[in-house]
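The values are calculated or read from the model by the stated rules, or taken from the named source; none is laboratory data. The structure presented is a predicted model; accordingly, all values stated were derived computationally and were not measured. Quick reminder, even Gly has a Cβ in these numbers, built from the backbone with ideal geometry, and neighbours come from all protein chains shown.
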There are 2 protein chains.
Amino acid sequence: MRLLFPLLLAAVVAAATTGSEEEFLNQIHALRPRHGAGGTPVQGLSCLSWRLGVEAHNVINWKTVPQACEDYVGHYMLGHQYRKDSETVVNEALVYAQSLHLGGDGKDIWVFDIDETTLSNLPYYANHGFGVQPYNSTQFNIWVDMGKAPALPESLKLYGKLLPLGLKVVFITGRPESQRNVTTNNLRKAGYHTWEKLILKSSNYTSYTAVAYKSIQRKILEKNGYRIAGNMGDQWSDILGTHVGNRTFKLPDPMYYIS
Amino acid sequence: MRLLFPLLLAAVVAAATTGSEEEFLNQIHALRPRHGAGGTPVQGLSCLSWRLGVEAHNVINWKTVPQACEDYVGHYMLGHQYRKDSETVVNEALVYAQSLHLGGDGKDIWVFDIDETTLSNLPYYANHGFGVQPYNSTQFNIWVDMGKAPALPESLKLYGKLLPLGLKVVFITGRPESQRNVTTNNLRKAGYHTWEKLILKSSNYTSYTAVAYKSIQRKILEKNGYRIAGNMGDQWSDILGTHVGNRTFKLPDPMYYIS
């Protein structure tokens, strides 16, 4: 990350020293470099093909981003293509949501994951190799506990358009119950002002995979009379399993894989 | 397709007049243009984002490729990125297959779709707007009945490596039973010399979606004692539904959508 790092550091420091959290939240533009991510192949590995393989769920159970793709993923995440890819997914979701005939009883819900779906941890990952470094829960939780994750702009836009349609929002996240307060405050600061439920992973589910834990939570929602109109996440484990909802949407995330 | 068309026409004509089917089969290189497909955004639409949306099953139920993406899809299909994207999927599949502990009773199978999975209809689609033109079954069947579809090189390579592992190959295709002979001959000519079963869509299933028809066929296979180790197709309808197999693989196809 020789080219990116000074720019990122400057941006992160600038954002952290403005003294205005509101300016920092709701946007991730400050971290963008000047150039987008092209499909330039690294020797023996097309990073664009790797990323496509991740998004289409062909490349699974990977631990870290291939070292050779660090610059590629960094430029992708900070450039225009990540935004455009997210926008395409969100546009499809909105057209779908607008086509629905809702029950009108307040039981039609839209399930959102949180990290890399509604809130962005890009300021953290930009300082930790964009997924090339192995996941470090201590360091990551220090970042989460700051409660400064900005909204993913396209997801926030979708959120703002789903509510007037009569859909209620339910967040299901792998964040632990101990992060409820910081997550609540972070969501509100980032622009997510209201929701039906915020479901965090209680200690009962520590040993469960994300697929199993999230399937159970969705099953409980349906038992309680909710109808899952849409289900959106950045991980396939958000939208695989059971009770996945009437339609699912996979937001891009080439930085990490959760099973 | 102003830039591509003369080159394609020349290539197709050249291929058709060599008199040697063997030269034409087993390769699709003759149709390649000089340049690969970049992610250059068309106004108001990123064709790269659209293609990613298709591959990640966010963009569904589409009838034709967006007009604005005809050149993009054409260059993609004929250029290096389609090959590289296919190669990545095939490499994942091979690593997975090599990790399996097979039963040794000849009941472990690999399910392949045919069109755009094992055989390529690119010579046809190159002359029909790469998916921009609505599907024309009469014209398409004339092409199929020629029996000249080349192998997808990466898939043929995978096929050749699966057999020595002890996996049997089963083809499940949406092609009708009436095309059994031409399909058998085409597969053989293209390099697929042996298989356990070739399952075509009998007239009983005409009204079934691909998802339903293929799920039933896989269920029957499992009832007959087969274990589906892998399942590979270019359409999500090849790998969604029930009895999908132990692991699924989605090959790229931005030219058409089958539900």
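Some points to look at:
- Filtered by the rule that a residue be within 17 Å of the chain's Cα centre (by Cα), assigned to a helix (DSSP H, G or I) and more than 8 Å from residue A:64 (Cα to Cα), region A:125-136 gives A:125, A:130.
- Residues satisfying the stated conditions in region A:163-178, i.e. touching a helix residue (DSSP H, G or I) at 6+ places or on another chain (Cβ under 8 Å) and over 25 Å from residue A:236 (Cα atoms): A:165
- Considering region A:191-214, the residues that are crowded, with 19+ Cβ neighbours inside 10 Å and hydroxyl-bearing (Ser, Thr, Tyr) include one that is farthest from residue A:164 (Cα to Cα), namely A:213.
- Residues of region A:58-78 satisfying the condition of being under 30 Å from residue B:230 (Cα atoms), of a type in the set (A, V, I, L, M, F, W, C) and more than 14 Å from every other protein chain (Cβ to nearest Cβ): A:65, A:73
- Elements of type strands (runs of 3 or more DSSP E) in region B:149-246, at least 3 residues being among the β-branched types (Val, Ile, Thr): B:168-176
- For region B:56-98, the candidate set comprises residues that are in a loop (DSSP other than H, G, I, E, B) and in contact with a Gly (Cβ under 7 Å, 6 or more places away or on another chain); within that set, the residue that is nearest to residue A:45 (Cα to Cα) is B:79.
- Annotation note: of A:218, A:180, A:175, the sole residue that is buried (at least 18 other Cβ atoms within 10 Å of the Cβ), among the basic types (Lys, Arg) and in contact with a Leu (Cβ under 8 Å, 6 or more places away or on another chain) is A:175.
- When every residue of region B:145-164 is checked against the conditions, none turns out to be of a type in the set (S, T, N, Q) and touching a Pro at 6+ places or on another chain (Cβ under 6 Å).
- Meets criteria (of a type outside the set (Asp, Glu), part of a helix (DSSP H, G or I) and at pLDDT 95 or above) for residue A:111: no
- Some residue of region A:198-218 being more than 19 Å from residue A:121 (Cα to Cα), within 14 Å of chain B (Cβ to nearest Cβ) and aliphatic (A, V, I, L, M): no
- Filter pass, residue A:111 being more than 24 Å from residue A:158 (Cβ to Cβ), touching a residue at least 60 places away in the same chain (Cβ under 8 Å) and away from chain B (no Cβ under 14 Å): no
- Within region B:197-224, being in contact with a helix residue (DSSP H, G or I) (Cβ under 9 Å, 6 or more places away or on another chain) and within 14 Å of residue B:113 (Cα to Cα) holds for B:197, B:198, B:199, B:200, B:201, B:210, B:211, B:213, B:214, B:217.
- Scanning region A:96-134 for residues that are more than 30 Å from residue A:167 (Cβ to Cβ) and touching a Ser or Thr at 6+ places or on another chain (Cβ under 8 Å) yields A:131, A:132, A:133, A:134.
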